[in-house]
Structure formats: structure tokens, C-alpha cells
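One structure is given below, encoded as C-alpha cells.
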Amino acid sequence: MSQSLVKLAGRDLAAAAPHLALEAEAAQLIARCTEAAEALDRLEASVFLVEATRLFAHALPKREAVWWACMCVAHTAPGDLPAADREAREAAKDWVRQQTDKARRLAWDRAQASGCTSPEAWAAIAAFWSGDSMAPEGQPAVPPAPHFTGTAAAGAVALAAVRGDPARRNDRLHRFLESGRNVAAGGPGRLPAEAA
């Protein structure tokens, strides 16, 4: 594994694998990998870009996965992004910065307000699913499954990749993977707004 991808160190590739929805060829490609970074390199080199982004979403720690999703969705956000979607993304980013239950629940509320269909909403859902309980406040805890955050973050990234112009998907996914590597190395993973 590349020494620079410190956020992937020790992450359990075998635990993530069942949640990646890999086709046989992609699964075989990474079958002997023990480190997430090696699996990512193999998937990207073989142009399994969607699969590589799914792996990033599940291999990054929850906080970093949510942040990375926010960076990807911001990259392809149109100038006329509805306010509800923008608020959902900002709520997800706020959770990354604060990681309080209040911030997490606000992310859920903002995702609900936006209709839970946009990339921004799924970034906010990823933040919500990063906590201890999906139950309403004051109710007995209902813990989300450990892979829920990665699944929601992967969904946000996949939707962002095809937003507006699906023909740009592969170029966007390459940029998203560069951003993910930066996040995994401890950086901010920021992407400039996409040129129209």
C-alpha cells in the first residue's frame, strides 16, 4: 500500500467487499488484494471506475467518506442548485466538522427536506448513518449497519458523476478518485467547481 494513503491503513477490505456490488471480473481482479489501496489501483487501472469509487466510500473512515462525498457533489453542482440541496450538503459538511448528534440529525432533516434524491441529500444521509442510532431522538437506539455510511456516500458520488451530462462520467470519476486519494492521505480533497 502506498504509505501516503494513511486513512486506508488497516481498513478491512474483506468486510467492505460484500457491499461493493462487484461484477465477477472486478471481484476476481482484487481477490488477492489485502490492502484497499492496491485494490483501488487495480480497479482504476482496469477502468472499473464506479467500483473503485464504491471501494473508496467503504474503505475511508466514516468522517472522511462523508467529506469526500461532499467534495464530489460540490464539484458537479450546477449554479442553480436548489437551496434545499445546498443546505443538505452544508449540513453534511457541518457534521464532518462537529460530529455531534445535533449536527447529524440536522443532516437527516436537510436530506428529508430536499427529497432524498440528489447527490447532496445522499451525502447528508451518509452523515446521518454515521451515528449511533437511526431512531428518532429519545427513542431506543436503532444502530445503522456499519456499511450504511459507505453505501450512502457511494450513492452520492455515483449520482454526482452523471449529473447533467452522463457523458462526463468517466472523467469525473477519475477526478473523484484523485480527490479520494488526497482525502486518504489526510488532505482536504477539494475539487474546483466543474467548468460548464
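The values are calculated or read from the model by the stated rules, or taken from the named source; none is laboratory data. Keep in mind that what you see is a predicted model, and the values were worked out from it rather than measured. Ideal geometry is used to build each Cβ from the backbone, glycine not excepted, and the neighbour counts take in all protein chains shown.
In the set Ala31, Ala21, Ala57, Ala37, only one residue is surrounded by fewer than 12 Cβ atoms within 10 Å (Cβ to Cβ) and either touching a Gly at 6+ places or on another chain (Cβ under 8 Å) or not aromatic (Phe, Trp, Tyr) (or both); that residue is Ala31.
Against the criterion of being under 17 Å from the mean Cα position of the chain (by Cα) and either hydroxyl-bearing (Ser, Thr, Tyr) or at negative phi (or both), Ala195 does not qualify. Among residues of segment 100-120 that are under 10 Å from Ala88 (Cα atoms) and in contact (Cβ under 8 Å) with a residue 12 or more places away in the chain, those with a beta-carbon under 9 Å from a residue that is among the aromatic types (Phe, Trp, Tyr) and not in a helix (DSSP H, G or I) at least six positions away or on a different chain give the pairs Trp108/Trp129.
Gly187: assigned to a helix (DSSP H, G or I) and either under 11 Å from the mean Cα position of the chain (by Cα) or at pLDDT 95 or above (or both), yes or no? Considered against the rule, which asks whether it is assigned to a helix (DSSP H, G or I) and either under 11 Å from the mean Cα position of the chain (by Cα) or at pLDDT 95 or above (or both), Gly187 comes out as no.
Checked against the criterion of being closer than 15 Å to Val73 by Cβ, of a type in the set (Asp, Glu), outside any loop (DSSP other than H, G, I, E, B) and at pLDDT 95 or above, the candidates Glu120, Glu178 yield just one match: Glu120.
Of all residues in segment 68-75, none satisfies being aliphatic (A, V, I, L, M), without any contact (Cβ under 8 Å) to a residue 12 or more places away in the chain and surrounded by fewer than 24 Cβ atoms within 10 Å (Cβ to Cβ). The condition of being under 20 Å from Pro61 (Cβ atoms), surrounded by fewer than 12 Cβ atoms within 10 Å (Cβ to Cβ), within 18 Å of the chain's Cα centre (by Cα) and not aromatic (Phe, Trp, Tyr) does not hold for Pro144.
Listed conditions (1) within 17 Å of the chain's Cα centre (by Cα); (2) within 24 Å of Ala17 (Cβ to Cβ); (3) surrounded by fewer than 20 Cβ atoms within 10 Å (Cβ to Cβ) are all met by Val162, apart from (2).
You will find that of Gln99, Gln112, Gln139, the residue that is within 24 Å of Phe56 (Cβ to Cβ) and over 15 Å from the mean Cα position of the chain (by Cα) is Gln99 and no other.
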